[in-house]
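*Asks:* Could you have a look at this structure, given as structure tokens, before my questions?
The values are calculated or read from the model by the stated rules, or taken from the named source; none is laboratory data. Note that the structure is a prediction, hence the values are computed from the model and not measured. With ideal geometry, Cβ positions are generated from the backbone for all residues, glycine too; neighbour counts draw on all protein chains shown.
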Amino acid sequence: MSLTLPAPAKLNLFLHINSQRPDGYHELQTLFQFLDKGDQLTFSLRSDRTITLSPHIPGLAPADNLVMRAAQRLKTYSGRPDLGVAIQLDKHLPMGGGLGGGSSNAATTLLGLNHLWQLNLSMDTLAAIGLELGADVPVFVRGFAALGEGIGEKLSPAEPPEDWFVILKPACNINTGLIFSQQGLTRNTPRIKIAPAFGGDALRYRNDCEDTVRALYPEVDRSLEWLSQFGPARLTGTGACIFGRFPTESNAQKVWASKPSGIDGFVARGVNISPLHRKLTELR
């Protein structure tokens with residue numbers, strides 16, 4: 001028996017850093033929205049109790065891949081040593097782009113194997129397991145656009161407009177630890193009390209990492225300068241991907257067609273219910 005599921009990308013429509021905690025982590029507020037593009041995973045039951053993942057991703061040991069870690073953690077939690085699965089990852093999202101690819105892969109693995117292995121674990125349990133793997137995993141497990149707080153794991157449903165986006169991936173990889181270690185990083189943005197409607201006051205919100213990333217990575221700075229010609233452009237997460245929002249697909253495609261050479265990316269629509277959850281609903 002096999003099961004194929006999407007692992008959608010996400011955007012941080014804004015990212016505010018409110019404070020730094022004694023443990024070194026930062027208190028954040030961010031608005032998550034999913035995209036209708038992403039990776040894809042296929043899960044096939046095995047009878048030999050083993051978990052395998054293919055293909056190999058250069059530079060990433062299988063044991064360090066969040067897909068393998070999620071599968072192994074779920075098997076351990078279930079107390080079922082007889083369980084096995086072969087997982088195939090069809091990777092489309094750029095690694096280290098701030099689109100949440102690894103976290104989304106982990107969430108799809110948790111939900112997919114919960115279904116395939118017939119574990120019947122609750123969403124709360126799967127989200128808690130996901131949080132052990134990374135702060136962004138729970139939003140993909142829950143599957144709704146949300147205001148994220150704490151380190152991003154405290155989620156309140158939100159409904160930003162489901163607009164179209166041009167997403168660009170400059171030719172660089174961002175060191176997240178380096179960004180959060182910079183002395184000049186804004187760490188005192190006042191907390192907002194409710195999720196923004198993201199209408200006419202959208203420009204009140206920003207990504208507090210953006211100035212630091214632009215100063216350290218000229219490729220990001222140049223891409224933001226170019227995309228900003230067509231409207232507000234912003235960094236997602238700590239980057240390196242940036243995005244511009246457009247009201248229609250044709251507007252977005254027109255901008256995409258004129259992008260500078262040497263920059264990867266894609267056009268996608270923002271969606272408030274994860275494509276993963278839509279697919280799982282169809283299977284019930």
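*Asks:* Of all the residues that make up the stretch 192-211, how many are modelled with pLDDT under 90 and in a loop (DSSP other than H, G, I, E, B)? First the steps, then the outcome.
*Replies:* Filtering the stretch 192-211 for residues modelled with pLDDT under 90 gives 192-205.
With the extra rule that they be in a loop (DSSP other than H, G, I, E, B), the set shrinks to 192-201, 205.
Within the stretch 192-211, residues that are modelled with pLDDT under 90 and in a loop (DSSP other than H, G, I, E, B) number 11.
*Asks:* Here is a further query. Could you list, ordered by first residue, the pairs with Cβ atoms under 7 Å in which the first is in the stretch 118-134 and more than 13 Å from LEU66 (Cβ to Cβ) and the second is of a type in the set (Lys, Arg), at least 6 apart or interchain?
*Replies:* Qualifying pairs under 7 Å: MET123/ARG142; ALA127/ARG142.
*Asks:* Among the residues of the stretch 103-124, is there at least one that is surrounded by 21 or more Cβ atoms within 10 Å (Cβ to Cβ) and out of contact with any strand residue (DSSP E or B) (no Cβ under 9 Å at 6 or more places or on another chain)? Quick ask: steps written out before the conclusion?
*Replies:* First, the residues of the stretch 103-124 that are surrounded by 21 or more Cβ atoms within 10 Å (Cβ to Cβ): 103-114.
Next, from what is left, pick out any that are out of contact with any strand residue (DSSP E or B) (no Cβ under 9 Å at 6 or more places or on another chain): 110, 114.
There is at least one residue in the stretch 103-124 that is surrounded by 21 or more Cβ atoms within 10 Å (Cβ to Cβ) and out of contact with any strand residue (DSSP E or B) (no Cβ under 9 Å at 6 or more places or on another chain).
*Asks:* Let me ask another. Please name all residue pairs, on different chains or six or more residues apart, with Cβ atoms under 7 Å, provided the first residue is in the stretch 138-152 and is of a type in the set (Gly, Ala, Ser) and the second residue is in a loop (DSSP other than H, G, I, E, B).
*Replies:* Matching pairs, first to second residue: GLY143/SER274; ALA145/ALA158; ALA145/GLU159; ALA145/PRO160; ALA145/ASN272; ALA146/ALA158; GLY152/ALA135; GLY152/ASP136.
*Asks:* Here is a further query. Within the bounds of the stretch 245-256, is there any residue that is more than 22 Å from VAL271 (Cα to Cα) and crowded, with 20+ Cβ neighbours inside 10 Å?
*Replies:* Pass one, the stretch 245-256, residues more than 22 Å from VAL271 (Cα to Cα): none.
Looking for residues that are more than 22 Å from VAL271 (Cα to Cα) and crowded, with 20+ Cβ neighbours inside 10 Å, one finds none in the stretch 245-256, hence no.
*Asks:* Quick one: in the stretch 130-140, of everything that is in contact with a helix residue (DSSP H, G or I) (Cβ under 6 Å, 6 or more places away or on another chain) and part of a helix (DSSP H, G or I), which residue is surrounded by the fewest Cβ atoms within 10 Å (Cβ to Cβ)? If you could, list the steps in order and put the result at the bottom.
*Replies:* Keep residues of the stretch 130-140 that are in contact with a helix residue (DSSP H, G or I) (Cβ under 6 Å, 6 or more places away or on another chain), which gives 130-131, 133-134, 136-138, 140.
With the extra rule that they be part of a helix (DSSP H, G or I), the set shrinks to 130-131, 133, 137-138, 140.
Values: GLY130: 28, LEU131: 17, LEU133: 20, VAL137: 28, PRO138: 25, PHE140: 29.
Among them, the one singled out is LEU131.
*Asks:* Something else: Take the residues of the stretch 257-284 that are within 22 Å of THR108 (Cα to Cα) and of a type in the set (D, E, K, R): which is surrounded by the fewest Cβ atoms within 10 Å (Cβ to Cβ)?
*Replies:* For the stretch 257-284, the residue satisfying everything is ARG284.
*Asks:* Among the residues that make up the stretch 144-154, is at least one of them of a type in the set (A, V, I, L, M), assigned to a strand (DSSP E or B) and touching a Gly at 6+ places or on another chain (Cβ under 7 Å)? Write out each step before concluding.
*Replies:* Filtering the stretch 144-154 for residues of a type in the set (A, V, I, L, M) gives 145-147, 151.
Narrowing further to those that are assigned to a strand (DSSP E or B): 146-147.
Within this subset, residues satisfying the condition of being touching a Gly at 6+ places or on another chain (Cβ under 7 Å) are none.
Taking every residue of the stretch 144-154 in turn, none turns out to be of a type in the set (A, V, I, L, M), assigned to a strand (DSSP E or B) and touching a Gly at 6+ places or on another chain (Cβ under 7 Å).
*Asks:* Now a separate question. Residues in the stretch 141-164 that are under 15 Å from the mean Cα position of the chain (by Cα) and either under 10 Å from PHE32 (Cα atoms) or surrounded by 20 or more Cβ atoms within 10 Å (Cβ to Cβ) (or both): how many?
*Replies:* Residues in the stretch 141-164 being under 15 Å from the mean Cα position of the chain (by Cα) and either under 10 Å from PHE32 (Cα atoms) or surrounded by 20 or more Cβ atoms within 10 Å (Cβ to Cβ) (or both): 10 in total.
*Asks:* Can I ask one more? Please specify each residue of the stretch 251-284 satisfying the condition of being among the charged types (D, E, K, R), farther than 17 Å from HIS115 by Cα and free of Cβ contacts under 8 Å to residues at least 60 places away in the same chain. Spell out how you get there, then give the answer.
*Replies:* First, pick out the residues of the stretch 251-284 that are among the charged types (D, E, K, R): 254, 259, 264, 269, 278-279, 282, 284.
Filter once more, keeping what is farther than 17 Å from HIS115 by Cα: 254, 259, 264, 269.
Residue satisfying the conditions is LYS254 alone.
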